[in-house]
Amino acid sequence: MVTLSLSDADKRRIAAVVADVETRSSAEILVVTSPGAADYANVVALAAAGVTLFGGALAALLWPLPALTVVAGQMALFTLVWGGLTWGRMGHRLVPRVLRTARAERAAALEFARLVSAQTADKRGLLIYLAFAERHIEIVADRGIAAAVPDTRWQEIVDGFPAALRDRSLGEALFEVVRRCGEILATSFPAEPGQRNEMTDHIVER
C-alpha cells in the first residue's frame, strides 16, 4: 500500500494559498494532516487471528502433528500475519470504507474541537482535515460559517476529492480543495478592515 505524503514544496504552496484566502476573507482556514485517522488494531488482530485459526485447523486435518507443534505454528503464523498487515498500514485494506470514513470524521471532529472551535472572534474557522492512510478528507465549519454556507457546499468538495486524487498528485489535489474552500469563504465573508490572522497558515502535521 503506497503511503501518501506531501513534499516541502506542496506544504509551502498550500500555506501560501491559505494566506492569500485570508487576505480576501474574514474567515480562517486551518489545514491538518495525519498519517491515519486510526490504527485499526482490532481489525488487524481479528484478521490475523482468523488466518491463524484456519491455518491451525488445516494443519490438524492434513498432518498428524503434535498439539504443541500446531500451537507453536499458530503463534508463528499470527506473528507473521500481524507484522505483514501492520507494515506500511496494509491492514487498512481490510477495513470497510464506511468504517474508515467514520474514523476520519471522528478524528476531524476532535481536531476541530482542539484547534478551531471558538478560536476566531466571529466563529468563522474552517478545518480541512486529511488522513493519508484513509485517503479521506473532511471539512468542518464553525458556527459562523455554518450559518451562512450549507454543508452541501463542503460535501461537494469532499465527494470530489477521490477523483481528484486519481488524476493528480496529493499536493495538487489538496491545493485545489483549499482553493475551492477559499473561493466560497471569500464570497460569503469578504475581508473586513482591521481583521487579524487568528490561526496559522501552515499545515498542522500529526
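Cβ neighbours within 10 Å, averaged per peptide: list 100-108, 185-193 in order, most packed at the top.
With the highest mean Cβ count within 10 Å placed first, the list reads 100-108, 185-193.
Classify the range 146-206: rounded, prolate or oblate, from the alpha-carbon gyration tensor (a ≥ b ≥ c, eigenvalue square roots; a/c under 1.5 rounded; otherwise prolate if a/b is larger than b/c)?
Oblate, since a/c reaches 1.5 and b/c is not below a/b.
Every read-out reported here was derived from the displayed coordinates using simple, explicitly stated rules and does not represent laboratory data. Bear in mind the structure is a predicted one, so any value in this text is a computation, not a measurement. Note that each Cβ is placed from the backbone with ideal geometry, even for glycine, and that neighbours are counted across all protein chains shown.
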